[in-house]
Amino acid sequence: MKIYFDNNATTPVDQAVKVAMLPYLEDRFGNPSSGHRFGEAARNGVEAAREQVAGLLHCHPKRLIFTSGGSESNNLAIYSAVSAYPDKKHIIASQVEHASVLLPLQYLANKGYEIELLPVSRHGGLDLDVLAAAIRPDTVLVSLMGANNETGVVWPVEAIGGICKEKRVLFHCDAVQLIGKMVLDLSDLPVDYLSVAGHKLHGPKGVGALYGKRTAPITPLILGAGQENGLRAGTENVQGIVGLGKACELAGQAVVEYGQKISQLRDHIERTIYDTIQDAMINGQDQARLANTLNISFRNCSSAAMIQELDEKGIAVSAHSACQSGDLDPSHVLLAMKIPEEYLHGTLRISLSRMSTMDEVESFISILPKLVKKSRLGLAV
Ligand SMILES: Cc1ncc(COP(=O)(O)O)c(C=O)c1O
C-alpha cells in the first residue's frame, strides 16, 4: 500500500507536466538568451509558460517573474518593498506565516525594522479590524498568506487588499497554498505582490513565480545578465518553467474538483474521525478552509508515533507539532492558535490532492482509530 496524503508539503508531478518538460531536456535545450533557433525554441517555451501562469492568475504575463519557488518569491516581494521605501521601517505580517516570510522579516528586524506579527484566533482567523488599526504612516508592507499550509485556513485576500489599498500600503500575499485550489482573479484583486510555487500544484520543484502589479516596485535579489527583464538574473530554469506553466494550465482545469470531489473526500475523513475517535479536534474548524486540508489534534497522543506507524503501513501524512519523543518542533501555527497542550502533541495534517481516491481514504480511516488508541496507550505507560 502506498498512500500519499501530504500534498501541502509537495505534490506528485502530473504525467502531462513531465511530458511537457521532456523536450526541454532533449532537443529544446537551448539558452533562451541565444539569438539562434535553439535559443528561440527555449525562449518560446518560457514565454508560453508565462502565458499559462498568467491564465491561471488572470493577470498580464508581463507582470510575472519566474523564480526558484515560493521562498524566493516571498523574499523578492519583501526585499522589493523595503528597498523602494527605505524611510518606512514598519512591516506587518502574521504569527502564522511560512518561514520564508518570517525569517526575512527577522533579518530586517535585526537591521532596525519594526516587525508586527498579528495574532490569530483560536481557529486561525485574522481580525481585519486589528489589521486596519495596525497600519501606520511608516508601514511599508503588509505580508499575509492566502491560505495556511498547516491548517488550510483561508484568509479574505480581497478584504485584506482593500484595507491596504485604502491605507496606501503595499500588500504581499503568499498564495503558494491557495493557487490551483481556489479560483483567484488578479484582474480584480487589490494585491501588489503574489507568490506562487510549482511543486504545490503538481508541477516540478525549484520553480515558482512572483506576480508584481504594474505599480509595485521590484528590486532584484539576484543581479547578473539581465534575464527576466533585469529583475531576476540567471539562465532560466527552462524545463522547470515549462513544467510550471503546464501545471498551472492543468490546475485551472481541475480547480473545480477541489470544491467537489476533494472536499467530499476530506469531509468523509473528518466525519469518520469524529464518529470513531473520541477527543479529536479539528483545527481551523470555524474558518473557511482549503478543501484538501485537514489538521486534526487527538488528545494525549503522539504525532511522531502515529506518523511512524502510518509510514510503516505505506501512508504518508505529516504533523507540525511538538511531540513527546522530541523529534518534531512545536508548530508555530498551532502555538499561535493556542491549541491546548494535551492536544498540541497529537496533531496530524492530512492533505489530499486531485489524485487522491475514496479507496485510499477508506484504507486510511480504517487504520487510524487503532493507531490513535495505540498512541494513547503508549503515552499512558
Ligand atoms: C505557504 C507557503 N509559502 C511558501 C512556501 C515555500 O515554497 P518553496 O518550497 O517553493 O520555496 C511553502 C512551502 O512549503 C508554503 O507552504
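Do the conditions hold for Tyr24, that is, is it farther than 24 Å from Leu290 by Cα and within 16 Å of the ligand (Cβ to nearest atom)? No; evaluated as a whole, the condition is false for this residue. Restrict the check to region 115-134 and report whether at least one residue is within 20 Å of Pro217 (Cα to Cα), more than 16 Å from the ligand (Cβ to nearest atom) and modelled with pLDDT of 95 or more. For region 115-134, residues within 20 Å of Pro217 (Cα to Cα), more than 16 Å from the ligand (Cβ to nearest atom) and modelled with pLDDT of 95 or more: absent. All conditions in (1) under 27 Å from Gly146 (Cα atoms); (2) not in a helix (DSSP H, G or I) hold for Gly30, with the sole exception of (1).
Filtering region 171-192 to residues that are within 14 Å of the ligand (Cβ to nearest atom) and touching an Asp or Glu at 6+ places or on another chain (Cβ under 9 Å) leaves His172, Cys173, Asp174.
Every residue, every condition in (1) in contact with a helix residue (DSSP H, G or I) (Cβ under 9 Å, 6 or more places away or on another chain); (2) surrounded by fewer than 24 Cβ atoms within 10 Å (Cβ to Cβ); (3) not small (Gly, Ala, Ser), yes or no:
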| residue | (1), (2), (3) |
| --- | --- |
| Glu236 | yes, yes, yes |
| Val255 | yes, yes, yes |
| Tyr258 | no, yes, yes |
| Arg271 | no, yes, yes |
| Ala280 | yes, yes, no |
| Gln287 | no, yes, yes |
| Leu290 | yes, no, yes |
| Thr293 | yes, no, yes |
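Being crowded, with 24+ Cβ neighbours inside 10 Å, modelled with pLDDT of 95 or more and either over 19 Å from Cys59 (Cα atoms) or assigned by TED's automatic domain parsing to the domain that holds Leu25 (or both): is that true of Gly180 here? Answer is yes for this residue. Restricting attention to region 194-213, does a residue exist that is surrounded by fewer than 23 Cβ atoms within 10 Å (Cβ to Cβ), at positive phi and away from the ligand (no atom under 11 Å from the Cβ)? Looking through region 194-213, none of the residues is surrounded by fewer than 23 Cβ atoms within 10 Å (Cβ to Cβ), at positive phi and away from the ligand (no atom under 11 Å from the Cβ). Inspection of region 2-25 finds no residue satisfying the criterion of being part of a loop (DSSP other than H, G, I, E, B) and over 20 Å from Arg354 (Cβ atoms).
Answer yes or no as to whether Cys164 is in a helix (DSSP H, G or I) and at negative phi. Yes; evaluated as a whole, the condition is true for this residue. Going through Gln106, Gln52 one at a time, which residue ends up being in a helix (DSSP H, G or I), surrounded by fewer than 19 Cβ atoms within 10 Å (Cβ to Cβ) and not charged (D, E, K, R)? Gln106 is the lone residue from the list that is in a helix (DSSP H, G or I), surrounded by fewer than 19 Cβ atoms within 10 Å (Cβ to Cβ) and not charged (D, E, K, R).
Look at region 120-147: where a residue is in the same structural domain as Leu290 (by TED's automatic domain parsing), no partner that is of a type outside the set (A, V, I, L, M) sits 6+ places away or on another chain with Cβ atoms under 9 Å.
Exactly one residue among Ser195, Ser121 is under 25 Å from Gly243 (Cα atoms) and hydroxyl-bearing (Ser, Thr, Tyr), and that residue is Ser195.
Please determine whether any residue of region 158-165 is touching a His at 6+ places or on another chain (Cβ under 8 Å), within 25 Å of Ala247 (Cβ to Cβ) and not β-branched (Val, Ile, Thr). No, region 158-165 contains no residue that is touching a His at 6+ places or on another chain (Cβ under 8 Å), within 25 Å of Ala247 (Cβ to Cβ) and not β-branched (Val, Ile, Thr). Run down Leu352, Leu344, Leu348, Leu377 and say which single residue is of a type outside the set (Lys, Arg), on the phi < 0 side of the Ramachandran plot and touching a residue at least 60 places away in the same chain (Cβ under 8 Å). Going through Leu352, Leu344, Leu348, Leu377 in turn, the sole match is Leu352. Can you spot a residue in region 99-106 that is more than 16 Å from the ligand (Cβ to nearest atom), at pLDDT 95 or above and more than 19 Å from the chain's Cα centre (by Cα)? Taking every residue of region 99-106 in turn, none turns out to be more than 16 Å from the ligand (Cβ to nearest atom), at pLDDT 95 or above and more than 19 Å from the chain's Cα centre (by Cα). Against the criterion of being closer than 24 Å to Ile3 by Cα and either assigned by TED's automatic domain parsing to the domain that holds Asn149 or small (Gly, Ala, Ser) (or both), Ala336 does not qualify.
Take region 63-93 and flag every residue that is in a helix (DSSP H, G or I) and either touching a Cys at 6+ places or on another chain (Cβ under 7 Å) or more than 9 Å from the ligand (Cβ to nearest atom) (or both). Answer for region 63-93, where residues must be in a helix (DSSP H, G or I) and either touching a Cys at 6+ places or on another chain (Cβ under 7 Å) or more than 9 Å from the ligand (Cβ to nearest atom) (or both): Arg63, Asn75, Leu76, Ala77, Ile78, Tyr79, Ser80, Ala81, Val82, Ser83, Ala84.
The values are calculated or read from the model by the stated rules, or taken from the named source; none is laboratory data. Computed from a predicted structure; not experimentally measured. Cβ: placed from backbone, ideal geometry, glycine included. Neighbour counts: every protein chain shown.
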